[in-house]
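Enquirer: Structure below; questions to follow.
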Amino acid sequence: MLHIYCPHCGEYREEEEFHCAGQAHIARPLEPEACSDQEWGEYLFFRKNPRGLHHELWVHAAGCRKFFNMTRDTQSYEIKEVYKIGEQPSVVAE
Amino acid sequence: MSDLNNMTAAESAATKAAVMNQVPGPEIEGQSPLHHADLASLAKQGPKTSGVHLRELKLLGHLTLRCNPANADQLAAVERVLGVALPLQPLTSSENGNYSIRWMSPDEWLILVPGLETFDIETKFRDEMPGHYSLVNSSGGSTVLELSGENVVELLKKATPIDLHAKSFPVGKVVSTLLAKSTATIRRTGDQRFELVIRRSFSDYIWLWIQDASLEFGLVVEA
Amino acid sequence: MTQQNRLTSGGRIDRSTPLTFTYNGKQYKGFKGDTLASAMLANGIDVVARSFKYSRPRGIVACGAEEPNAVLQLGATEATQVPNVRATQQELFDGLVSASTNGWPSVDTDVMGMIGKMGGNMMPPGFYYKTFMFPESLWDTYESMIRKAAGIGRAPKEKDPDTYDAINQHCDVMIVGAGPAGLAAALTAARGGARVIIADEQNEFGGSLLNSTEQLDGKPATEWVRAVVEELSTYDDVLLLPRSTVNGYHDHNFLTIHERRTDHLADIAPVNTVRQRMHRVRAKWVVLATGAHERPLVYANNDVPGCMITGAVSAYINRYGVVPGNELVVMTTNDYGYQAALDWADAGRKVVAIVDTREAAVGDRTEAARQRGLNIISGSAVIEVQGTKRVTGVSVAGLSASGAKVIGSVTKLKADTVATSGGWSPVIHLSCHTGSRPVWSDSVVGFLPGPTVQKQLTAGGINGQYETAVALQEGLDAGQKALAEVGLAVADVVLPEAKTLKVAAPMSLFHIPHLKPTSQAPKQFVDYQTDVTAAGIEIACREGFEAIEHVKRYTAMGFGTDQGKLGNINGMAVAAKALNKTIPETGTTVFRPNYTPIAFGAIIGRNAGALFEPERYTAMHKWHVEQGAMFEDVGQWKRPWYYPQKGESMQQSLNRECMAVRNAVGILDASTLGKIDVQGKDAREFLGRVYSNAWAKLAIGKCRYGLMCGEDGMVFDDGVTACLGENHFVMTTTTGGAAHVYEWLEIYHQTEWPELEVYFNTVTDHWSTATITGPNSRKLLEELTDFDVSNDNFRYMDWKQITVAGVPARVFRISFTGELSFEINVQANYGMAVWEKLIEAGAKYGLTPYGTETMHVLRAEKGFIIAGQDTDGSVHPYDLGMGWCVSNQKPFSYIGKRGMNRSDCTRANRKQLVGLKTKDPKQVIPEGSAAVLDPNGPKPLEIQGHISSSYWSETLGHSIAMGFIKGGLDKMGETVYYPLGDGTVIEAEICSPIFFDPKGERQNV
């Protein structure tokens, strides 16, 4: 079970207080109508599944209910960092 | 009943948000979420000493305020209304007499006030608060349980993954977290005393849970 | 019975407190401080089990968690039956009832033993896999036989009377194991001011020190243990957990500990106590001081009762005052094995020989044995054991220098006990749980914990350090390191003096050769519990299984309840030899939680019975219960389903409730609908983005129905939203969808459109909702309010803030039944007051409470969808015939717009929601039935769609159904068929889903 630092509450909490909301940094296209079916399909359905570093969106569901990003190693389950929405990760996959 | 309570929707909308005195006259008794458990009778019949004490702080006014902690005008307005500042540090609380404020989220606070003052305070907020904010009366949706006693920490440790050690959970700290298979906002009010804000619909489950989990310590219900 | 193997003095048992226990129906005596195993050995019980596959008699081998054979069934009553209890870990209590679990009719006279001899040939390795390749019918035959013979315990048939629970713990340092290393670490961390938890699976702390006569500071080591425990218990921030097995080590230093609080007291836990508790620990640092397990050697007939490991022999003598036999032969590859012979001799019984596989090893222990005049046979091995239910003798022969071959002649010795030591395997299980791969050490002759990302330290036996002085020092070092890591100062600890003994190098030997090749030699067991032999592993390798994980699965090695704690390394060594590889090249299997078997109760904890799942109640729940309502689970909510009156069938109740709504007035508790308060100047804009329809012009005081879609254009929720003020709305959601919708709004606000000024708050529990619906609903409402609720003053789709029954209320004139309806919302603390007034005043208007099932029928008569029943994530608003609820004029491309315009969403022949009217009006099509055009056509029939909602309509006098049909909206009047499982076919006509009052006049009166 992961031990997750909530950047809004400012302390570590147990994983059971959180939900993972999938891959981070999936921006909604600003002009959906300008997207082809294929582009929209990419936005909707296609996600990374890396072995190693992954940027994920999490929400502190049972706590402050705020979303934040997490960079996590999918192999070792190490959490490299958490950062707020709108911020960019400082640890990225090579 | 006040005029405000009887104003039409259009009139109330003049305030941009609908505000309503939701409390009827004294002839109609409110039923707190644990009304059916008849805690008052249990308090009379039950044991007087044990490791865990429980009391429902019922029918309080619960107001959820959401605003911008960086907006000094809003912070000043809160202080004018409640006589106490919003706790801006995460996981802290503040209080002034019968008013207490719990930090819930970077832009959210739960304000507890005496039940009959709720509408007054709501109205004052509507008069005083500038800018973008929301104020929601949630008094019917939750209740407060006060748990105390020498085994209260042990009891709560069975329900919540939060570290309750005094070093990491001093008096005044507030967390919203899991409580068994439900949730609660827990505030420490003494070495061995906590207040739990719980949701109405889960209150029977939590009441059952507390009774079951406190069997090894004994449970005193206080009126 | 006399305890013939009990010494008159010594050990940690209390001879003044005798205890009576039962094994296989016979009564025996033991003492307080005994384990069930030590008491059985004291009483000379040799056979404790019959083996899994071959039904061979088996005796006690070990003295702890690694015991493979003495796995018993406990329980004095049916309700207190516990399977898979290791007798070596079960403390004795007065009245304990135990039984062996396999062997039929008993372990001593075993019919299966005979069959087992055949079974041995019938069941080679891979038996299960090979059998599955036969026709399935044959498996049943084998299975019943195998099950009968092999059952390793059984679950109770009655409800467990005990209470279990879980508790969350946090600490700076979690120490696993309270042997010398663990205690030194705990003492150091505690003195340094850390928050410490130290857990050990045994009933008392001390670990290996409890089993030996070792001295610390010139006094018995147990004196030091007592002093340390005493000091530890004075610290507020130190939690001592004896009888607690750390069963799992998970990510980020999360550990689960299984504490047995009353298992040592009685068959059933004392009143108001918790029998077992799961500690869920989050530790900043973890110190693994789990010690090591001794490895038995693999030799012919090494499973005959009386064959043990040397450490267990010492432990039974020193800790329990039990000598498990009379004439001992020790076979060892290392110095530590000598200790058993020394202890045995000290106990006054005969040491026949110490057979050392090494030539001329000289260490302090070997010399002590020599000085005692014990018979040491070097460079030799016990190649075979004689006896069936007890060892009667051994065959000893010389070994080649590598240990690969038998050389020289065979000598037979008389003995009843053979204690072997093939060295020690560090207990690395927990370090493996987190994904760390162990690393082989040639010097330790065992696997050590591998590199890890956890904040983990190790000390003592787990590092292959078996000398007490070294273990103590490593424990202290780990304690100091942990203190430094959590930011605390160095602690002042002086270790006791331990005598360091000189140790000669061990020999790396696992499998003792026989005169005959392995395949022809008597069985040489590797894994006792699953009856895996060295020959079996060789066959597996020969059959092409090269990866150790495959060998394991093929042979079932390590698949028992002991997870191969004794046998795995030996098995790997045998496989390595067969594959001509080294052990590290062969690899290791990875241990997974749990370390030892654990009661389901301890996993479930308090989440059983009434606390299994929260039940959410509305403010009127008590009333529903008193009225005898049947309840339906909707998410965690308990909603009244229908209110049966005496003698009514469910259908009769529904008919009565439906007719009351259509002809008089009904009342529904609608409090469970999700309600979200939306405030802010951009609230309206936000609604426009998350709903498919338009919100720009919704006036204050008005309500509107909306559909919520995903980005794929598919409907996932719906509900009515009311405009309360210019910047203020209250949204309703489906009961089950509330939490999801709230998170949906928040995720878009927080991650996509933070610039919009809007706040959301859940107010579901705050409002109680009583829906009154039916032609008499206005009359009823009029009675309870001064407000003018006439159609002129209170229009359909309006909401009003009025007083109802003396309580301030928001009343929404919206309808889910098609009838004149009012949804009365009051603060939930007053919900019951208003409800009771409505019930009281409603009697004269025929007010009838109705539940969710009637609600479903009534809305289906009107063709209203239920999100989640008539939608399944694959239908967009147009599929539902609800294009009227989509606005393409909105400037912002709302969620779902682009999705529902994908080519696949706009193609012809999509499944569309229609009404279905059966040809026979009495027939109700089962929900889920598939539609076809021609039930007699060539198979497979092409499925045209399915039924999503189907009911009997008492109002209409015929059945009604809603369902999906390909291109259905263009097929009105056409016929489809629903073939059922019983061979019958229901014929139905495609029609509008609005069966009742198609113009919607009734709700507008």
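No value in this document is a laboratory result; all are computed from the given coordinates. Note that the coordinates shown come from a computational prediction; the quantities given were computed from them, not determined experimentally. All Cβ positions, glycine included, derive from the backbone under ideal geometry; neighbour counts span all protein chains shown.
Enquirer: Can you sort C:Lys862, A:Lys84 from fewest to most other Cβ atoms within 10 Å of each residue's own Cβ?
Expert: A:Lys84, C:Lys862
Enquirer: Another question about this same structure. Could you order the peptides C:397-405, C:815-823 from most to least packed, using the average number of other C-beta atoms within 10 Å per residue? Working shown, then result.
Expert: Numbers: C:397-405: 15.8, C:815-823: 24.8.
Output ranking for C:397-405, C:815-823: C:815-823, C:397-405.
Enquirer: When only Cα pairs under 8 Å and 6 or more residues apart are kept, what is the percent relative contact order across the stretch C:466-599?
Expert: Computed over the stretch C:466-599, the figure is 18 percent.
Enquirer: For B:Met104, list long-range residues whose amide hydrogen, built 1.01 Å from N in the peptide plane, is under 5 Å from its own amide hydrogen.
Expert: Amide H neighbours of B:Met104: B:Trp109, B:Leu110.
Enquirer: Could you tell me the calculated FRET efficiency between C:Ala699 and C:Asp792, based on Cβ-Cβ distance and R0 = 22 angstrom, to the nearest 0.05?
Expert: 0.80
Enquirer: Please average, across the residues of B:140-148, the number of beta carbons from any other chain that are within 10 Å of each residue's own beta carbon, and give a whole number. Intermediate values should be presented prior to the final figure.
Expert: On the way: counts 13, 11, 3, 2, 0, 0, 0, 0, 0.
Neighbouring Cβ atoms belonging to other protein chains average 3 per residue here.
Enquirer: Treating only the Cβ of Lys, Arg, Asp and Glu as charged (+1, +1, -1, -1), what charge dipole size does the stretch B:129-223 show about its Cα centre? Round to the nearest 20 debye.
Expert: 400
Enquirer: Pull out the extension gain between C:Gln869 and C:Ala401, defined as 0.36 nm times the separation in residues minus the alpha carbon to alpha carbon distance; nm, one decimal.
Expert: Taking 0.36 nm per residue and subtracting the Cα distance, the gain is 160.9 nm.
Enquirer: Treating the angle as unsigned and between 0 and 90°, give the value, to the nearest 10°, between the Cα long axis of helix B:118-128 and the longest Cα principal axis of chain B.
Expert: 40
Enquirer: Quick one: compute the contact order of the stretch C:908-998, relative version, from alpha carbon pairs under 8 angstrom and 6+ residues apart, as a percent.
Expert: 39
Enquirer: A follow-up question, please. Nearest 500 deg cm²/dmol is fine: what mean residue ellipticity at 222 nm does the protein assembly as shown get from its DSSP H runs of n ≥ 4 alone, each adding -39,500 (n - 2.57), divided by its residue count? The partial results should precede the final answer.
Expert: Details: 33 runs with 292 residues, N = 1322.
Taking each H run of at least 4 residues, the total per residue is -6000 deg cm²/dmol.
Enquirer: Separate question: Taking the beta-carbon count within 10 Å as an exposure proxy, list C:Met832, C:Met331 from fewest neighbours to most.
Expert: C:Met832, C:Met331
Enquirer: Please compute the alpha carbon radius of gyration of the stretch C:908-1005, then divide it by the globular-protein estimate 2.2 N^0.38 Å. Two decimals is fine.
Expert: So the Cα radius of gyration is 1.10 times the expected 2.2 N^0.38 Å.
Enquirer: On the Cα set of the stretch C:296-422, report Rg and Dmax in Å, please.
Expert: Every Cα atom of the stretch C:296-422 included, Rg and Dmax give 13.2, 40 Å.
Enquirer: Got a sec? Which residues in the stretch C:671-688 would a label at C:Phe892 touch, if it sits 7 Å along Cα→Cβ and we count backbone N under 15 Å?
Expert: Once the point is set 7 Å along Cα→Cβ of C:Phe892, C:678-688 turn out to lie under 15 Å by backbone N, inside the stretch C:671-688.
Enquirer: Right, here's the next one. Mind giving me the nanometre distance, one decimal, between the label points for C:Asn936 and B:Glu150, set 7 Å out from Cα along Cα→Cβ?
Expert: Distance between label points: 8.6 nm.
Enquirer: What number, in nm² with one decimal, is the all-direction average of the projected area of the convex hull of the alpha-carbon atoms of chain C?
Expert: It is 49.9 nm².
Enquirer: So, one more: Going by how many other beta carbons lie within 10 Å of each one, how would you line up C:Thr262, C:Thr854, C:Thr411, fewest first?
Expert: C:Thr411, C:Thr262, C:Thr854
Enquirer: Scattering from the C-alpha atoms of the stretch C:823-920 alone, worked out with Debye: what is log10 I(q)/I(0) at q = 0.11, 0.14, 0.23, 0.25 1/Å?
Expert: One equal scatterer on each Cα of the stretch C:823-920 leads to -0.60, -0.79, -1.25, -1.38.
Enquirer: Taking R0 as 30 Å, what FRET efficiency do you get between C:Gln520 and C:Thr388 from their Cβ-Cβ distance, rounded to the nearest 0.05?
Expert: It comes out at approximately 0.90.
Enquirer: Using only the alpha-carbon atoms of chain B as identical scatterers, what base-10 log of I(q)/I(0) does the Debye formula give at q = 0.08, 0.09, 0.12 Å⁻¹?
Expert: Ignoring solvent entirely, the Cα scatterers give -0.31, -0.40, -0.69.
Enquirer: Among C:929-941, C:770-782, B:58-70, C:496-508, how do they line up from the highest to the lowest mean number of other beta-carbon atoms within 10 Å?
Expert: Details: C:929-941: 14.2, C:770-782: 23.4, B:58-70: 19.9, C:496-508: 16.4.
Final packing ranking: C:770-782, B:58-70, C:496-508, C:929-941.
Enquirer: Please compute one quarter of the surface area of the Cα convex hull for the stretch C:725-866 and express it in square nanometres.
Expert: It is 9.8 nm².
Enquirer: While we're here: Going by alpha carbons, how many degrees (0 to 90, nearest 10) lie between the helix axis of B:203-213 and the longest principal axis of chain B?
Expert: 20
Enquirer: Through the Karplus equation 6.51 cos²θ - 1.76 cosθ + 1.60, θ set to phi - 60°, convert the phi angles of the stretch C:328-344 into ³J(HN,Hα) values in whole Hz; use x for Gly and Pro.
Expert: In residue order, the calculated couplings are 9, 10, 9, 10, 9, 10, 8, 5, 4, x, 5, 4, 4, 5, 5, 5, 5 Hz.
Enquirer: Starting from the Cα of C:Thr411, step 7 Å toward the Cβ, then list every residue of the stretch C:284-328 with an amide N under 18 Å from that point.
Expert: Answer for this model: C:327-328.
Enquirer: Suppose each label sits 7 Å from its Cα in the direction of the beta carbon; what would the C:Ser378-C:Val1005 distance come out to in nanometres?
Expert: Calculated label separation equals 11.1 nm.
Enquirer: Among the aspartates and glutamates, select those whose C-alpha is under 18 Å from the C-alpha of C:Lys971, and discard any that sit fewer than 8 residues away in the same chain.
Expert: Of all the aspartates and glutamates, those that pass the test against C:Lys971 - Cα under 18 Å, at least 8 places apart if same chain - are C:Asp879, C:Asp934, C:Glu942, C:Glu987, C:Glu989.
Enquirer: I would also like to ask the following. Between C:Ser233 and C:Thr500, 0.36 nm times their residue separation minus their Cα-Cα distance comes to what?
Expert: Details: separation 267, 0.36 × 267 = 96.12 nm, distance 2.92 nm.
Using 0.36 nm per residue and subtracting the Cα-Cα distance, I get 93.2 nm.
Enquirer: What average number of partner chain Cβ atoms lie no more than 10 Å from the Cβ of the residues making up C:716-729?
Expert: Working: counts 0, 0, 0, 0, 0, 0, 2, 3, 8, 10, 6, 7, 9, 2.
Average per residue, whole number: 3.
Enquirer: Run the simple label-point estimate for A:Gln75 and C:Ser992 please: 7 Å along Cα→C-beta, distance reported in nm.
Expert: Output for this residue pair reads 6.4 nm.
Enquirer: Amide H to amide H under 5 Å from C:Ala49: which residues, 5+ apart in sequence or cross-chain, H placed 1.01 Å off N in plane?
Expert: The list, which skips near neighbours in sequence, is C:Arg58.
Enquirer: How much of the pair distance distribution for the protein assembly as shown lies past 48 Å, counting alpha-carbon pairs only, in percent?
Expert: When every Cα pair of the protein assembly as shown is considered, 47 percent fall beyond 48 Å.
Enquirer: Just want the answer: with Cβ charges of +1 for Lys and Arg and -1 for Asp and Glu, which residue in C:Ile60, C:Asn375, C:Tyr320 is farthest toward the dipole's positive end in chain C?
Expert: Toward the positive end, the furthest listed residue is C:Asn375.
Enquirer: So what are the ³J(HN,Hα) numbers for the stretch C:594-604, from phi and the Karplus equation (6.51, -1.76, 1.60; θ = phi - 60°), rounded to whole Hz, Gly and Pro as x?
Expert: Karplus-based 3J(HN,Hα) across the stretch C:594-604 equals 9, 4, 10, x, 9, 5, 4, x, 6, 7, 6 Hz.
Enquirer: Compute the FRET efficiency between C:Ala99 and C:Glu836 as 1/(1 + (r/R0)^6), taking r as their Cβ-Cβ distance and R0 = 45 Å, and round to the nearest 0.05.
Expert: Details: r = 59 Å, r/R0 = 1.31.
Efficiency for this residue pair is about 0.15.
Enquirer: Let me ask something additional. Restricting to Cα pairs below 8 Å that are 6+ residues apart, what does the relative contact order work out to for chain B? Please round to a whole percent.
Expert: 27
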